[in-house]
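Here the structure comes first, spelled out in structure tokens, and everything after it is commentary.
We did not get these values from a lab; they are worked out from the coordinates using the rules stated. Note that the structure is a prediction, hence the values are computed from the model and not measured. Backbone-built Cβ (ideal geometry, glycine too); neighbour counts: all protein chains shown.
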Amino acid sequence: MNTPIPHSPGMRPPGASNPIGFPTAVAPTVVAPVSARPVAFGITDIWRIIIKYRWLILASLLLGIASAVTVVMMTTPQYQASTTLEISLEQVKMVDVGGTVSATPMTDVQSLETNYGLLRSRSLAQRVARDLNLADNPQFANPESPPERRLEQATSTLASTFMVAPIPSSRLVQISFKHPDPEMAAQVPNSFAQNFMESVLERRYGASEYARDFLLRRINEVRGRLEEAERQLTLYAQQQGIVTVRDAGGGQGQNASDSLDGTRLIAANSELAEAESARSQAETRWRQAAQGDPTSEVLNSNVVQGLRQQLNTLQAQYQTKLNLMRPEHPEMVDMRTQMETIQETINFEKAQAIGTLRTNYVAALARENEVISRVNQLREAVLNLRGRSIQYNILQREVDTNRAMYAALLQRYNEVGIAGGVGENLISVVDEARPPRTPVEPQPLRSTIIGALIGLLAGLATAFALEFLTYTIRSQEDLETKLEIPPLGVIPKAEKTGGMTDLLDNPRSPMMEAYASLRSAIQFATAQGAPSTLLVTSSGPAEGKTTTSLALARNFARLGYTTLLLDADLRNPSFSMEGSDSHGFSGLLTGAATLENVIRPTSVPGLSLLEAGKVPPNPADLLSDPSLSEILRKLSGMFDIVILDGPPVLGLADAPLLSALCDRTLIVFEAERIKLSVAQNTVNRLRAAGARIVGGVLTKFDSKTSGYGYGYGYGYGYGTGDKDGASGTRFVLPGLLGKRASRGSGPDENVELSQG
């Protein structure tokens, strides 16, 4: 391995400077693996899927139409008729025990929902079945069943087939029924409407009759209890001698005023109050007069006032004459005598008036005492009566209670009797059902459209499901958005007009033009230009990596790059050269060969080949040898670019080992073949190994079926007649013979390169 390497044409000695300025080795950088992203469909993807599965979608559409037509032809025509009813607002009457009548209306929602429930009831369906005699109709019941069973069958058929459809924001409701016979389709909803109105009236009348019977029984019971209570009250009053002076129905029990003694006691109390008042007044007048109270009415009487005036007059005259005459004068004595007489008369009148007042007082006191004595007697009689009236009051309250209950029941009975009449019917028919002329089922046009839509949707769903389950790498957008690697080019699918050698030898072919574009993309993929070592790998075999490696090598050599094509697939070598020995890349790794012995120039100027050599028993162990890094370093120093045709990634450890040592890695994906999950796993493994992925390329791309138009189908008609290229030089590799080549397929090929 350390012996000098002879210089072959187109080679630079190891360690020589790179004239183009490319780095000889670049340390690998670990990049985070790409995460699995959900498949997102755009308008272009949807159109592509539709084009791809167009026959499946068309078949599903036709199947849906055919199924709809078959169903229409096999369906028995159904006729539907409807009856429209109006449901008025119902009021519920309530009567309390006190006799107050109030009308509480039900709300619209409650009333309507109640009637809707009654319309859907099984009892109404049974009335209709009995009314139309549907138990004997074979379309509604089994004729071989018993009569009761047939009625149940007809009822079940009606209950499950007729429809109640309320009209929004109104009190109208439609009763509809479908049947093969148009006459029966109209008879059933009309019968429903008629029986519903009758059932409502019967239910109202039945409820009133039940209430009347119940109230009548209660009235008889209460009346019996009232009569018995009155008999017991009367008997007890006779036994106890209790006599009431007012109607027993006017009170709630026995009081003091309800008996004779009580009445007398009330009168005696009033008389006692009057006697006490008279005695008090007489005593006041007497005592005022006896004490000489000047405000006393005795002293202010007319007689006393007249006598006092006379006395005052005589006294005034006496005093006047006293100035003229002596007291002993007879006239003066006479005047004194008159004054004394008048004074005695005044005193007598006072004494007489005081005596009269005292007599009045004594009489008033005696009357008061008499009344008090009578009141005490009557009070004792009343208290005795109250003691005897406890049981009487109990009996009286029972009588009053029964009488009030009896009166309330009578009033309720009369009101129920008034309200129990048929009255206004709350249900009325707006439109009766008529036999329809045209069936509602089946509807050929509608059914066909629905079948077509179902078939179309089923086809589209199946197509998208298949596409999702088998999603593959199809476009450069998939490389960029789903794998997060730069898309470097798209290689069209090879035409079936020539072999792979002819396509590679013709620089004007769409395939070689695409490879030239790929080479340009690789040149400008990094800031340093084309990589010194480029590993070309793929997810699996037969994706076009060998053809891509050879085409890239030829393109770089055509530009003047000293290029080495290294067959690094030690498990399944792709290149061989006439007259070569068994040593090759594997011989370098084992030390059995040197670089000057294994590198062979080809017929293409500037292009050399390093074959894979013998297939080792364990290629991964050889590629793990540290000498691989040194070999690649020497090769990158000898050539401008070294292109390694590597093994596939999945299932093998060879490609990750090589990618970690190469400057850049190019991943080849076969369009419409490699699944997205497989491609993501490939990128993840390479990045986990530290590969520096320069990008990805799609091979075997068919723009006609993929839905993506990239324009690789154009021709090169310049009219110069030069078929060997613009330079006039045709790079011919005479030994380029495919061992596994198939015309137009473009897979990886085992090719032989003749030594130039």
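Things to note:
- Formal net charge of residues neighbouring ASN402 (Cβ-Cβ distance under 15 Å; K, R +1; D, E -1): 0
- Each residue of segment 448-453 is assigned a 3J(HN,Hα), and the resulting list reads 5, 5, 5, x, 5, 5 Hz, derived from the Karplus form 6.51 cos²θ - 1.76 cosθ + 1.60 (θ = phi - 60°), x at Gly and Pro.
- When segment 483-711 is described by a simple charge dipole with +1 on each Lys and Arg Cβ and -1 on each Asp and Glu Cβ, the residue from PRO656, LEU610, PHE639 located farthest towards its positive end is PRO656.
- Point-charge dipole on Cβ atoms (K/R +1, D/E -1) for segment 257-387, about Cα centre, debye to 20: 140
- Among 58-71, 330-343, 587-600, sorting by the average number of other beta carbon atoms lying within 10 angstrom of each residue, highest first, gives 587-600, 58-71, 330-343.
- With each label modelled as a point 7 angstrom along the Cα→C-beta vector, the THR341-VAL109 pair spans 11.5 nm.
- Considering only the Cα atoms of segment 257-387, their convex hull presents on average a projected area of 9.9 nm².
- Over 22 Å apart at the Cα level, from the set LYS614/LYS675; LYS493/LYS545; LYS493/LYS614; LYS52/LYS493; LYS545/LYS675, are LYS614/LYS675; LYS493/LYS614.
- Per-pair calculated FRET efficiency, R0 = 60 Å: ALA688 and ILE449 via Cβ, rounded to 0.05: 0.65
- Furthest towards positive pole of dipole, ILE667, LEU564, LEU588, structure part segment 483-711, Cβ charges: ILE667
- Ordering of 631-642, 677-688, 483-494 by packing [mean C-beta count within 10 Å, highest first]: 631-642, 483-494, 677-688
- Computed from label points 7 Å out along Cα-Cβ, the spacing between ALA461 and ARG571 is 4.2 nm.
- Karplus-derived 3J(HN,Hα) values for segment 630-636, using 6.51 cos²θ - 1.76 cosθ + 1.60 with θ = phi - 60°, are 5, 4, 5, 5, 5, 5, 5 Hz; glycine and proline are entered as x.
- Each Cα pair under 8 Å and six or more residues apart adds its sequence gap; the mean of these over the residue count of segment 257-387 is a relative contact order of 45 percent.
- Where a label projected 7 Å from the Cα of GLU276 along Cα→Cβ would reach, residues of segment 361-386 with amide N under 13 Å: 368-369, 371-373, 375-376
- Segment ALA363-GLN305, length gained on full extension (0.36 nm per residue, minus Cα span): 18.1 nm
- Our coupling estimate for segment 640-653, obtained by passing each phi through the Karplus curve with A = 6.51, B = -1.76, C = 1.60 and θ = phi - 60°, is 5, 8, 10, 9, 9, 7, x, x, x, 8, 5, x, 10, 9 Hz, Gly and Pro reported as x.
- Summed residue charge, Cβ within 13 Å of LEU307's Cβ, Lys/Arg positive, Asp/Glu negative: -1
- Distant-in-sequence amide contacts of THR699, defined by a placed amide H-H separation under 5 Å and a gap of 5 or more residues or a different chain, comprise ILE491, PHE669, GLU670, ALA671.
- Environment charge at PRO487 (Cβ cut-off 9 Å; Lys +1, Arg +1, Asp -1, Glu -1): -3
- Remark: segment 437-493 carries a charge dipole of roughly 380 debye about the Cα centre, counting +1 on each Lys and Arg Cβ and -1 on each Asp and Glu Cβ.
- The simple Förster model, with R0 at 51 Å and r as the Cβ-Cβ distance, assigns ARG397 and GLU202 a FRET efficiency of 0.70.
- As a calculated quantity, the FRET efficiency between VAL678 and SER67 at R0 = 56 Å, using C-beta atoms, amounts to about 0.90.
- Here segment 586-691 is treated as an ellipsoid with the same Cα gyration tensor; its semi-axes, largest first and in whole Å, are 26, 17, 13.
- Between amide H atoms placed 1.01 Å from N, distances below 5 Å from GLN78 occur with VAL440, GLU441, all of them 5 or more places distant or on a separate chain.
- Charging the Cβ of each Asp and Glu at -1 and of each Lys and Arg at +1, and nothing else, the dipole of segment 483-711 about its Cα centre rounds to 520 debye.
- Evaluated on segment 483-711, the Kirkwood hydrodynamic radius is 17.7 Å, with distances taken between all distinct Cα atoms.
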